[in-house]
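To keep things clear, I will list the structure first and then write my remarks on it.
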Amino acid sequence: MNWDWQVVDDFMPRFWDGVLVTLQALAIGTLISFALGLVWALAQRSPLVWVRWPVTAVTEFIRNTPLLVQLFFLFYVVPNFGPSMSPLTTGIVGLGLHYSTYTAEVYRAGIEGVPAGQWEAATALSLSRSRTWRAVILPQAIRRVVPPLGNYVVAMLKDSPMIATIGAFDMLGEAQAFSNETFTTEALTVVGVAFIVIAYPASLLIRALERRLVR
Amino acid sequence: MMSSEFFTTWFLPGIWVTIQVTVYAAALGAVVAFGIGLARASQYWIVRFLAGVYFEIFRGTSALVLMFWMFFALPLFGWQLAPMWAGVSALGLTYGAYGSEVVRGSLAAVSPAQKEAGIALNFTRWQRLRLIELPQAWPEMVPPFNNLLIELMKGTALVSVITVADMTFAGNLLRLGTNETTPVYTLLLVLYFVLAFLITRGMRVLERKAKAGIGQQPEKRGGITAKTGARGESLQAGAPSAGGVR
Amino acid sequence: MSADTPVKNDHDGNDNPPVDGSELIRFDKVTKRFGSNTVLDELDFSVASGKHVTLIGPSGSGKTTILRLLMTLVKPDEGTIKVGDNYLFHERRNGHLAPAGEKHIREVRKNIGMVFQQFNLFPNMKVLRNITEAPVTVLGLSKDEAEQRARELLELVGLTEHLDKYPTQLSGGQQQRVAIARALAMRPQVLLLDEVTSALDPELVAGVLDVLRDIARTTDITMLCVTHEMNFARDISDQVLMFDSGRVIESGPPEKIFSEPEQDRTREFLSAIL
């Protein structure tokens, strides 16, 4: 095989462009998934059947179908009767929506994981409802929620190159375009290694966080 | 609308290819999961270390990038893989890495007293693993394996990007040919959901059998997938997390 | 008591010493520490073949550690343990005593069986297979031989009708009797009993102790027993060892230890639990 460092050198400016786009998609996608997941989780706890049931059905459907096909759906189908979005925007919405169905489960488990005795103890101390949430339930739930949420951010990072398939210029998109123009493959290898290099310290960080929080 | 001719020439074979890729990648993934999972519990530090390196690398790898790399870059190293096998390898190697964490965690969760009972009966290390630890860990592995299998099945859609004619590939062809995007992608999503549903049903049966094999009742669980730990990533704390494990 | 007439000797063991009251187990200056806590402190003691020895003493005095050392579940920090003519954790190499390999340990360990406080039956195997698995895979018995042996033992412990059940379907007392049968199926020379009735509901204790009395009376097996059942200890023991802080502070026949102990510490301990 021939490995040409010159090719790598030529790719570098575009690589950094791609890194920026990937991180941007990851950051906004994360925000969407964290916020939307909370909405799903609360809706699934709703006392109203006509809220609980459709939300459960929709989140189950989204979680059990491929993100790639959802991206195609958002990019090619939604504009038929809704807004037309750029590839990057579509990708970010797709990532955020897909992962919100996972974070919803994390929130749900986090809230349900607080032992019933804690609610009872708060009642016994006649804490108000908002005080119970703020002082008792949420601090315990957050400890359970942060590590798995972090893991999903890493998972989202690894799924983010899918947005290249609808034409976004993230790391993979840049590498693909560069490779096609130059008939080389070094760029793909660079991007592959870059994912590991970003993901590994991130998961180390989450594990450290987990050890601190989960007692 | 979709012509019946197109349906039989592209879509039906596409479904079959998706199923094939899922089965082959799952088989490879299972081999990797048990191989690496057992190696990570080895008594030799060098084996544990190498298996740990594998785990960390493939946990940090994006399946799609790996697939691209195997398809485009690997041939330059003198290894030409047919597109389908590039896809199967990429999926099997990455999901196998997640699976190894399930195997390692479930084995670690077997009570140490069981190991001691095995020593007291003078079993060798391998006999203990085969007769005591694996059979007891197995029912604990099935629910997280179900989640991973669904993730892997969803991941098979990626092979369409490297020209494997699975059902997503057929859908994209149809879009190019007809511009009938709405029915095509809706049908596609529904088909994947049906596959996920069938996998979950199948794994439930497997779980019930596995639990019956150690004299336990399976517990009730809602939803098509187990509720938490829906991805391998959240399993790293050692023992499988809340998702239907005692 | 079995001390007077050994009944028969049909161990699978090969070159093991016959049952003639000669020394079978010897602890020589055995020290075991867990962290900074010294559980056994240069412990010396021996057990003669065919004897039934009960270890008593306050919790944390190292009794269970002795059984766990003999079963090789933990390793000694210093000292040697001999079973028959062989060292348990050492083997002779070029005239020196070297740490033993897995093969040597397994060879010596063949002579030892153990019954645990928590039974530790294999939940993935039915009762019959719990008993036959080790004789088949470890001793190389045929399946028929092993099942024959298991049925005899199940009859001895009174559980013949349960052989096709999973352990979780049995009561604690029944599980413990299966565990005794499982240990005996390996025909060990030494049976270690680690607080075998402590995890049982009170009404189930008698059934298990009766089985053990039976075994003590009808076989020549050497027993090492950690128990808080003093009546049982009095019934079956040839010798009682009183432990405190990792040392034997008093030993003798049960009549003597239970009726007229020499040490104040022994007297205190006995009055606290009797």
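No lab work stands behind these numbers, since they all come straight from the coordinates. Just so you know, these numbers come straight off a predicted model, no measurement behind them. With ideal geometry, Cβ positions are generated from the backbone for all residues, glycine too; neighbour counts draw on all protein chains shown.
What ³J(HN,Hα) values, in whole Hz, does the Karplus curve 6.51 cos²θ - 1.76 cosθ + 1.60 give for the range B:142-154 when θ = phi - 60°, with x put for Gly and Pro?
Couplings: 4, x, x, 4, 4, 4, 5, 5, 5, 4, 5, 4, 4 Hz.
Can you compute the modelled spin-label distance between residue A:180 and residue A:5, with each label point 7 Å from Cα toward Cβ, in nm?
About 3.0 nm separates the two model spin labels.
Under the definition of partner shielding as Cβ atoms of other protein chains within 10 Å of a residue Cβ, what is the mean value for peptide B:68-76? Display every interim value, and only then the final one.
Values: counts 10, 7, 2, 2, 9, 9, 4, 2, 7.
For this peptide, the per-residue mean of nearby foreign Cβ atoms is 6.
Could you calculate the FRET efficiency of residue B:49 with residue C:255 from 1/(1 + (r/R0)^6), where r is the beta carbon distance between them and R0 is 45 Å, rounded to 0.05?
Numbers: r = 59 Å, r/R0 = 1.32.
The formula returns an efficiency of 0.15 here.
Name the residue farthest towards the positive end of the dipole of the range B:22-134 from the options B:102, B:32, B:119, assuming +1 on Cβ of Lys and Arg, -1 on Cβ of Asp and Glu, about the Cα centre.
In the range B:22-134, that residue is B:119.
Please sort by residue number the trypsin sites (Lys or Arg not before Pro) in the range A:1-63 whose DSSP state is loop and whose Cβ has at most 16 other Cβ atoms within 10 Å. List each step's numbers first, then the result.
Working: sites: A:14, A:45, A:52, A:63; in loops: A:45.
The qualifying sites are A:45.
Kindly provide the helix-only [θ] at 222 nm of chain B, computed as the sum of -39,500 (n - 2.57) over DSSP H runs of four or more divided by all residues, to the nearest 500 deg cm²/dmol? Don't skip to the answer; put the middle values down first.
Numbers: 9 runs with 154 residues, N = 246.
Calculated mean residue ellipticity at 222 nm is -21000 deg cm²/dmol.
Spin-label point model (7 Å from Cα, Cβ direction): what's the residue C:102 to residue C:267 distance in nm?
5.3 nm
Give the lysines reachable from residue B:154 as a straight Cα distance under 16 Å; neighbours fewer than 8 places away on the same chain don't count.
Output for residue B:154: A:158.
Given a 10 angstrom Cα cut-off, can you work out which residue in C:64, C:38, C:222 is the most mobile in a GNM of chain C?
Top of the fluctuation ranking is C:38.
Count the DSSP beta bridges whose two residues both fall in the protein assembly as shown, then state the antiparallel fraction as a percent rounded to the nearest 5.
Details: 24 of 41 bridges.
That works out to approximately 60 percent antiparallel.
Kindly provide the helix-only [θ] at 222 nm of chain C, computed as the sum of -39,500 (n - 2.57) over DSSP H runs of four or more divided by all residues, to the nearest 500 deg cm²/dmol?
Details: 9 runs with 94 residues, N = 274.
Value at 222 nm, helices only: -10000 deg cm²/dmol.
Summarise the partner chain shielding of B:148-159 as one whole number: the mean count of Cβ atoms from other chains within 10 Å of each residue's Cβ. Kindly include the intermediate steps, with their values, before the conclusion.
Working: counts 0, 0, 3, 4, 0, 3, 10, 4, 2, 10, 7, 1.
Neighbouring Cβ atoms belonging to other protein chains average 4 per residue here.
Looking at the range C:17-142, how many pairs of lysines come closer than 22 Å at the Cα, when each pair is eight or more places apart or spans two chains?
Number of lysine pairs found: 17.
Near the amide H of residue C:77, under 5 Å away, which other amide H atoms are found, from residues 5 or more places off or on another chain, if H is placed in the peptide plane?
Those qualifying (amide H under 5 Å, at least 5 residues apart or on another chain) are C:31, C:32, C:33.
Can you figure out the FRET efficiency of residue C:213 with residue C:42, using R₀ = 25 Å and their beta-carbon distance, to the nearest 0.05? Mind showing how you got there, number by number?
Values: r = 34 Å, r/R0 = 1.37.
The computed FRET efficiency comes out at 0.15.
What longest range of chain B stays clear of loop-exposed chymotrypsin sites (Phe, Trp or Tyr not before Pro) (DSSP non-H/G/I/E/B, at most 14 other C-beta within 10 angstrom)? Before the final figure, lay out the partial values.
On the way: sites that count: B:44, B:79.
Within chain B, the longest run free of exposed chymotrypsin sites (Phe, Trp or Tyr not before Pro) spans B:80-246.
Using the Cβ atoms and a cut-off under 13 Å, what net charge is assigned to the surroundings of residue B:202, where Lys and Arg are +1 and Asp and Glu are -1? Show your work: numbers first, answer last.
Values: positive: B:201, B:204, B:208, B:209; negative: B:207.
Neighbourhood net charge equals +3.
Return the single residue from B:110, B:102, B:88 with maximal mean-square fluctuation; model: Gaussian network over chain B, springs between Cα atoms under 10 Å.
B:110
Label-point separation (nm) for residue A:118 and residue A:209, each offset 7 Å from Cα along Cα-to-Cβ?
Going from the residue A:118 label point to the residue A:209 one covers 1.8 nm.
Work out the mean other chain Cβ neighbour count within 10 Å for the residues of C:172-185 and drop it here as an integer. Display every interim value, and only then the final one.
Values: counts 0, 0, 0, 0, 0, 0, 0, 2, 0, 0, 3, 3, 0, 1.
The shielding value for this peptide is 1.
Can you tell me which of A:188, A:88, A:48 moves the most in a GNM of chain A? Springs connect C-alpha atoms under 10 Å apart.
A:48
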